[in-house]
Every structure is written in C-alpha cells, then in structure tokens.
Amino acid sequence: MKKRHLRALSFIMSAILLAGCTTTPTVGTGTQEAAQASETGTPEAAEDGSAGGETKETEAVASQQEFPPLKVAKDRPLKVGYLYSNLEAESCTRSYNQIRIEAPHRGWELTEVYFNAQKPEEARTGMQTLITQDVDAVVIYNMEIVGIADLILQARQNGIGVYNVDNQLVPGVVANSCQPNGVAAAEFAYYMGEKYLWNANYAIITAPSLQVHVERTDPIKAIYDQYPGMKLLGEESLNPSGSESMGQQSYNFTKRFIEKYGNELDILVTSYDGAAVTADEAAAQAIGGTDVAIIGVDGGSETWSHMRKGGNFKYSYAQPTELYCHKICNLVEELQVQGLKPGDEGCSITAFGETIYSNGKIIDQDHVPAPNQSIHSVFDFYGGDPEDPEAWYNWNDGPGIYMIADK
C-alpha cells in the first residue's frame, strides 16, 4: 500500500510539472530563471573575482532578459491596465468586479481592455494598446497567454509591471496569483475516489491550451491510474478560440458521453464550472436520465444556483478569486507605489516570477452557500473578523462587494 501511495504521489508531481512545462512557451533565448537573476541582482563574485562561475553563454542569456526597473508612482495615481476576455466563466466576472473595487480604493487610474477570447488577435491589440498608453502596470486575467508573450517582454522593457491572476507564468511576468491547482485536483480526486470506494468509470472535459485547466485534470488521471477500479472512459478537449463557446462544446461532449456510455459513466470531471453547468444541462435532457456526478472548479452564483436544483452538478471546488486579485493588487502596490523590491521586508514575493497561492474548498450539493450574502463568507472571511470595517473584504468601492445571487 505504501508503494502504491508513493507511486501515486510521483505521478501527481509529474503531471503538475508537465502541465507547467508543456504549455509555457520559450520566448527569445532567455528563461524565467534568467529574468529573475537579472532583476534581483548579479550573482555573488567568486574568490577569483569572476561572476560566480557564470559562463559567457549564461551571461548572454541573462543580458537578453534584463529589464529596466519597474515604474514607481509615489506622488501620482498609479495607472493600471486590466486585460480580460469575455465573462463566460463567473470567476472572470468576480475578478473583474474585484479589480474595480481595488483600483478606486487605492486611488489608481484603471484602464479596462476587453477582448473576445474567440479572436486571439484582439488580445494582442489590447495589450499593445496598454503599452502605447504607457500604463504603469498591467493585470491579466486567465487567458491564452502564449500569443502575447512577446508583448509582455516589450511591456517589461518599458518598465511596465505585468501581473497575472489565475494564469501561467511566461518570461517577463512579475508574479501570478492563484490556487495550487494540482493540489486542488488531487484533493478532488481523493474526495471522489472515497465516495465511490475507488470503483467508478469517469470521463474528462478540459482545455489543454490553458495551463490551469490541465493542472486541474491531469493529477486526477494520475491518481486514478493507480486504482484498478477507476476506469477512464474518455477525454475531450475544449477550444477557447473555437467557433462555439466552451460551454456549448462541453454540452455537446457531455451529450455524446451519455449517449455512448449511459449509466456506466459515474463521474464527469470538467476543468471549470462553466463547462460543468452546461454539462448539467445536457445530463438533464438525457433520455431515461443519468446518474453521472458532474464536478467543476470555480464557484459563484450561477454554479451554486445549479447545484441547489439537485441535478447532476454535485461538486464544485470554490476558488477564492477575489483573494487572488487582492493579493496581486497588494503586490502591485508594494512594488510600484511603495518602491519595494522582491525579497524586501513587507514584499509579498522573494523573487520575480513567483506565484502567490491561496487555497479553495470543495462545495457539495448538501452544503451550497445561500444567496444574499457576501462572497467572502464562503471562505469564512479568510480567518478574519467579518465585522472589521477596515478589512479588504469589506471594501465597498466601485461596484461593491460581490454578493451571492440566486440565478
């Protein structure tokens, strides 16, 4: 049994590393590590006076990834751009809501740039617009970032800080803020495995072009591969740039799975709740019904409204999306208003290219958050005092606190 658990852990870590490596592009000849080295200072000199044994080749790589200092706005409002795509996933709406709370509360000038996720060229135009407008910082929400990787480097060369919320790291990104998605996936895998006593048929719907989605599904496969009773019946891929929305694609895939496997399909894993919602709709229309348990990741009003109806969407991993956004805004403030450097006391990161992690929680159909309460209550106010008037989760600027609705 111990050997089996060790093998499972090895597979999980391999899947997480693969998710991080296979979808992150190589831009130019530099690496994220080289970028970190150039931004955090030169290596300590060796005893002979050389740069710590660095070769000319590695020096060249580092020099190609050197960036000017980030712009600091101590005596004027910070100019921040927010790049986002269509708000199909409720996590996108929640992050968008939070940035519009954070910016006015901090006295920032916010420039919002929307692009259609089904038209990747619009993302490039949007990023170029923010560079041209000479903003101080750009916050990017979850998207296919490979297509703008060169523009991220261009922004950094202009002293513009580039920050991700729930996204992957590419060279030039100062930091990312998200949950440890591979860990969340493993938590879900064990949770569902125990419910079915490790004897169930499952299928997966994910989006391989988005790193975060693969991190949420590959570890589940890695764990279930270690249990003979867990059988993968099929896997389908969502295309964010396809002619149909990812939600519609998920509906179609679910319909086909149910038509092919019927009640043999026990668990349907989707990589985000928007796909789980439309999968639930497809399951509801299945002739003769189906017992499939659908799981997703994100949380929010639409998710929990579907779960309250008692359909097949039974489990969701709720992300503290607002906390991701708040933490990245704190970092922007630290680096580009206070003028701190990574590793300084009071700075949220120790080096460029880090990820700031926050944990979510599994929500089941018997414990769905009630409507008409603050989204922050789902996460027990992050261990703080719910009545603290100064706490960030009670800020009510801009659109105000995101409230759980019954949609």
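Values computed for the structure shown
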quantity: Hey, residue 343 modelled with pLDDT under 95 and assigned to a loop (DSSP other than H, G, I, E, B) or not; calculated: no
quantity: Flag if residue 185 is among the small types (Gly, Ala, Ser), assigned to a helix (DSSP H, G or I), open to solvent by less than 10 Å² (accessible area, probe 1.4 Å) and on the phi < 0 side of the Ramachandran plot; calculated: yes
quantity: Matching residues in region 361-407 - criterion: being part of a helix (DSSP H, G or I) and either farther than 29 Å from residue 191 by Cα or of a type outside the set (Asp, Glu) (or both); calculated: 375, 376, 377, 378, 379, 381, 382, 383, 392, 393, 394
quantity: Verdict on residue 261 being at pLDDT 95 or above, open to solvent by 60 Å² or more (accessible area, probe 1.4 Å), in a helix (DSSP H, G or I) and under 25 Å from residue 284 (Cα atoms); calculated: no
quantity: Number of the exception - residue 166 against (1) closer than 30 Å to residue 364 by Cβ; (2) touching a Lys or Arg at 6+ places or on another chain (Cβ under 9 Å); calculated: (2)
quantity: Scope region 218-258; condition in a strand (DSSP E or B) and within 30 Å of residue 85 (Cα to Cα); matching residues; calculated: 234, 235, 236, 237
quantity: Within region 276-296, tally of residues that are hydrophobic (A, V, I, L, M, F, W, C) and either at pLDDT below 95 or in a helix (DSSP H, G or I) (or both); calculated: 8
quantity: Any hit, region 318-338, residues being under 17 Å from the mean Cα position of the chain (by Cα), in contact (Cβ under 8 Å) with a residue 40 or more places away in the chain and assigned to a strand (DSSP E or B); calculated: yes
quantity: Every residue from region 211-245 that is over 23 Å from the mean Cα position of the chain (by Cα) and open to solvent by less than 50 Å² (accessible area, probe 1.4 Å); calculated: 224, 226, 227, 229, 230, 233, 234
quantity: Filtered residue count, region 311-333, keeping only those that are open to solvent by 20 Å² or more (accessible area, probe 1.4 Å) and under 29 Å from residue 72 (Cα atoms); calculated: 4
quantity: Residue check, residue 367 in contact with a helix residue (DSSP H, G or I) (Cβ under 6 Å, 6 or more places away or on another chain) and open to solvent by 20 Å² or more (accessible area, probe 1.4 Å); calculated: no
quantity: Test: residue in region 131-146 that is assigned to a helix (DSSP H, G or I) and in contact (Cβ under 8 Å) with a residue 12 or more places away in the chain; calculated: yes
quantity: Some residue of region 195-202 being surrounded by 24 or more Cβ atoms within 10 Å (Cβ to Cβ), touching a helix residue (DSSP H, G or I) at 6+ places or on another chain (Cβ under 8 Å) and at pLDDT 95 or above; calculated: yes
quantity: Verdict on residue 179 being open to solvent by 50 Å² or more (accessible area, probe 1.4 Å) and among the polar types (S, T, N, Q); calculated: no
quantity: Output for region 297-310, where each listed residue is open to solvent by less than 10 Å² (accessible area, probe 1.4 Å) and outside any strand (DSSP E or B); calculated: 299, 300, 301, 303, 304, 305, 307
quantity: One residue from 214, 162 being under 21 Å from residue 355 (Cβ atoms), touching a residue at least 24 places away in the same chain (Cβ under 8 Å), out of contact with any Cys (no Cβ under 7 Å at 6 or more places or on another chain) and assigned to a strand (DSSP E or B); calculated: 162
quantity: Sole residue being part of a helix (DSSP H, G or I), at pLDDT below 85 and not acidic (Asp, Glu), chosen from 50, 91, 38, 95; calculated: 38
quantity: Filtered residue count, region 383-394, keeping only those that are within 23 Å of the chain's Cα centre (by Cα) and either at pLDDT below 95 or open to solvent by less than 50 Å² (accessible area, probe 1.4 Å) (or both); calculated: 2
quantity: Conditions (1) assigned by the TED database to the domain that holds residue 331; (2) over 22 Å from residue 95 (Cβ atoms); number of the one not met by residue 237; calculated: (1)
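The values are calculated or read from the model by the stated rules, or taken from the named source; none is laboratory data. This structure is a prediction, so every number in the text was calculated from the model and none was measured. Glycine gets a Cβ as well: all are built from the backbone with ideal geometry, and neighbour counts include every protein chain shown. The protein model used for the area step is the full one, side chains on, heavy atoms only, and it has no ligands, DNA or RNA in it. Shrake-Rupley method; radii C 1.70, N 1.55, O 1.52, S 1.80 Å.
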